[in-house]
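Novice: Okay, here's the structure, questions in a sec.
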Amino acid sequence: MATSDGALEHILDLLEPVEPEAKRMFGGLGIFHRGLMFALMEDDTLYMKVDDLNLADHEAEGSGPFTVVMRGKETTMGYRDILANVLENPDRLI
């Protein structure tokens with residue numbers, strides 16, 4: 001399933017302070033800030049890049065990983081879904 005235009009517009013509005021740019025790629029959307037991809041959307045779900053500094057925080061809140069199937073094998077990528085309670089708090093989202 002593709003990301004709807006309405007969901008994309010809503011997310012871009014929420015992320016407006018960081019001047020996001022969305023590009024369609026591999027059936028989903030990459031979201032960039034000054035050329036650096038920091039988030040992606042697939043099936044109307046926002047996933048943000050995580051690292052060792054914030055992964056535990058995302059896991060503690062129940063945020064799940066972004067996974068793809070490549071060559072018949074499910075692969076987890078370094079992105080976590082952003083939960084509704086974060087999306088409802090723009091300061092926290094940013």
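Read-outs: derived from the displayed coordinates by stated rules, not from any lab. Fair warning: this is a prediction, and the values are worked out from it, not measured in the lab. Because the Cβ atoms are built from the backbone with ideal geometry, glycine has one as well, and the counts that use them run over all protein chains shown.
Novice: Of all the residues that make up region 17-32, how many are surrounded by 11 or more Cβ atoms within 10 Å (Cβ to Cβ) and under 17 Å from ILE82 (Cβ atoms)?
Specialist: Counting residues in region 17-32 that are surrounded by 11 or more Cβ atoms within 10 Å (Cβ to Cβ) and under 17 Å from ILE82 (Cβ atoms) gives 8.
Novice: Another question, if that's okay. Just give me the residues in region 27-61 being aromatic (Phe, Trp, Tyr) and touching a residue at least 24 places away in the same chain (Cβ under 8 Å), in sequence order.
Specialist: TYR47
Novice: Across region 52-94, what is the total count of residues that are touching a strand residue (DSSP E or B) at 6+ places or on another chain (Cβ under 7 Å) and exposed (fewer than 10 other Cβ atoms within 10 Å of the Cβ)?
Specialist: Total meeting the criteria: 1.
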